[in-house]
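Visitor: Mind looking over this structure? Questions follow.
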Amino acid sequence: LKCLQRKRKTNITQSPPQPNFHGKIWYFSMGSGNYVPMLITYINRLIELKIDEDSIGIVCVDSECESLIRKKYQYIRLEYFGPENIEGTLCKSNPRVSDMRCRVSMGKIEAVLKILHEGDAIFWFDADVFINKHPYKAMKVSNTNLKFYIQAEGWQPNFGVFLAYPDTFTTGIFEYMKVEFEGKLQFDQDILKYYLKTHKNTIVNDKTNVTDIIDCNGICGDPYDYEFLPKYDYINLMTGVYHYNSRGNHVLAHATCVEGMVLPEIVMTSMFGSPHQEYYMKQKTVSVNYDFFLPTDKEKVDRSMQTLVYFAKKTGRSIRVVSKYSNHVIFCLNSFRIISPDYVTGKLGVQIVEDKYFVRAHNWFGRSLPIVVNVTLGDPNVSLSNLQGLASEQSTIEGLSKEELMLADEVVFNLTELLLLDEHAVGKLAGEQLGYINGSWSRPFNCYNIEKEIAGCTAICDGGHF
């Protein structure tokens with residue numbers, strides 16, 4: 001009880017932790033080949049924040065990740081933990097645990113231990129963590145003398161964001177996690193929670209036993225303690241604890257449970273905007289004149305997106321998805337709960353921007369208010385040819401010149417007209433590169449979980465987890 005009371009009443013300082021630490025702080029993340037786009041976003045953001053490339057590390061769990069990262073960055077530290085690293089392990093032989101889960105959990109723990117044993121500190125960020133400010137320099141903690149700082153998930157720790165300094169306490173945490181995961185195959189997050197609650201004041205003397213209660217001044221005693229990172233600065237999306245739609249106030253945000261190749265980044269941009277001015281100054285868009293889609297509008301979503309994706313791909317525009325936002329990621333009217341970013345952007349290469357794109361561009365970076373052109377495709381007999389003309393930026397629509405079309409920041413289609421277009425005729429225009437294969441669309445553009453009013457963890461859009 002005293003421990004909880006103390007944690008609730010902590011006074012936040014204006015200083016980062018361990019000001020006298022003379023070792024190196026490594027900034028680490030991990031991923032497979034599928035996660036490389038998010039890893040590149042992470043790396044580039046750290047470099048923008050003046051963190052040297054040779055202080056950044058990536059754990060790659062397959063050769064594709066290793067090859068792509070090494071090709072792009074010369075000085076980044078790469079730690080490889082691939083399929084061969086789990087051969088002969090209990091994890092590999094257990095059908096309840098996927099190979100990828102084995103590599104992720106074991107590779108993460110091994111990398112952390114390696115850094116700590118070298119005498120350096122490690123600031124860990126899962127690939128679905130998006131950084132806004134310098135993660136260390138912007139830290140404000142209540143006790144600068146501790147060796148372990150971690151993101152909160154309610155009153156529990158979250159294993160996706162933490163800063164660990166070399167110490168018997170921190171190496172004890174990860175040695176314990178290594179033994180427990182390899183022996184019992186429990187979820188790494190649960191192992192960490194249990195250790196910090198039950199075995200926090202112990203150290204590991206060998207790889208088989210957790211022994212030696214450390215003689216410290218109570219369970220909250222410095223230095224054998226940890227501290228949660230401030231929840232409004234180090235945001236955990238699944239807790240719903242953040243100042244919605246604020247710009248630039250948080251240090252980072254963690255898209256906990258948001259699974260996908262590009263979905264986490266789309267979610268973060270929708271919620272908080274992008275820190276990059278270039279993102280808001282250059283893009284032109286296409287949208288549809290509809291207030292917002294409902295989960296029951298599955299057919300409308302799919303039919304309208306057939307045309308929008310075709311037009312966007314041909315003209316190089318992004319799709320601005322008009323939607324209603326809430327202050328929680330699982331809200332069923334969020335655009336990323338309706339339209340699949342992993343398919344539209346990740347697979348087809350068509351960029352999606354948030355509903356508030358032009359508002360933010362104007363208010364945050366001074367971009368001029370958008371020039372909007374509402375187009376009418378006309379009679380169904382000519383609508384398809386008019387669509388082709390618009391996509392070639394050679395307008396055949398009366399009253400709309402080519403110059404007006406090219407100057408438009410946003411082109412807005414009429415939803416009713418899009419629903420009247422023949423989906424196979426549009427499909428033939430789109431072709432195989434946009435998913436129209438052998439006379440049919442290969443998959444819907446909407447999220448697989450579009451009809452779920454409340455999405456559980458990992459089921460925000462298409463679902464799935466390694």
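Visitor: Which of the chymotrypsin sites (Phe, Trp or Tyr not before Pro) found in the stretch 62-99 are in a DSSP loop and have at most 12 neighbouring Cβ atoms, other than their own, within 10 Å?
Guide: Tyr75
Visitor: When only DSSP loop residues count, what trypsin sites (Lys or Arg not before Pro) in the stretch 107-196 have their Cβ near at most 12 other Cβ atoms within 10 Å?
Guide: Sparse-neighbourhood loop trypsin sites (Lys or Arg not before Pro): Lys137.
Visitor: Whole-Hz ³J(HN,Hα) for each residue in the stretch 279-290, computed from phi via Karplus 6.51 cos²θ - 1.76 cosθ + 1.60 with θ = phi - 60°, x for glycine and proline: what do you get?
Guide: Here the 3J(HN,Hα) series is 4, 8, 9, 10, 6, 10, 10, 9, 8, 10, 7, 9 Hz.
Visitor: Next question, about the same structure. What list of ³J(HN,Hα) values in whole Hz, one per residue of the stretch 427-435 in order, does the Karplus curve 6.51 cos²θ - 1.76 cosθ + 1.60 (θ = phi - 60°) give from phi, with Gly and Pro shown as x?
Guide: So the J values, rounded to whole Hz, are x, 5, 5, 5, x, 5, 5, 10, x.
Visitor: I'd like the accessible area for Tyr290, computed on protein heavy atoms only with a 1.4 Å probe and all protein chains in place. Round to 10 Å², please.
Guide: Approximately 60 Å² for this residue.
Visitor: Mind listing the long-range amide H neighbours of Ser142? Cut-off is under 5 Å, sequence gap 5 or more, other chains count too, H placed in the peptide plane at 1.01 Å from N.
Guide: When sequence neighbours closer than 5 places are left aside, the close amide H contacts are Thr13.
Visitor: For a quick check: with amide H placed at 1.01 Å from N, whose amide H comes under 5 Å from Val321's, ignoring anything fewer than 5 positions away on the same chain?
Guide: Under 5 Å from the amide H of Val321: Val353, Asp355.
Visitor: For the stretch 110-170, state which chymotrypsin sites (Phe, Trp or Tyr not before Pro) are in a DSSP loop and have at most 14 other beta carbons lying within 10 Å of their beta carbon. Intermediate values should be presented prior to the final figure.
Guide: Values: sites: Phe123, Trp124, Phe125, Phe130, Tyr136, Phe148, Tyr149, Trp155, Phe159, Phe162, Phe169; in loops: Tyr136, Trp155.
Here the chymotrypsin sites (Phe, Trp or Tyr not before Pro) that fit, given the DSSP loop and packing criteria, are Trp155.
Visitor: Length gain on complete extension for the stretch Trp364 to Glu53, per 0.36 nm per residue less the alpha carbon to alpha carbon distance?
Guide: Numbers: separation 311, 0.36 × 311 = 111.96 nm, distance 2.89 nm.
Using 0.36 nm per residue and subtracting the Cα-Cα distance, I get 109.1 nm.
Visitor: So, one more: In the structure displayed, which of Lys24/Lys114; Lys24/Lys137; Lys114/Lys231 lie more than 18 Å apart, Cα to Cα?
Guide: Lys114/Lys231
The values are calculated or read from the model by the stated rules, or taken from the named source; none is laboratory data. Owing to the predicted nature of the structure, the values given are computational and were not obtained by experimental measurement. So basically every Cβ, Gly included, is an ideal-geometry build from the backbone, and we count neighbours across all protein chains shown. SASA here: full protein model, heavy atoms, side chains in, ligands and nucleic acids out. Shrake-Rupley method; radii C 1.70, N 1.55, O 1.52, S 1.80 Å.
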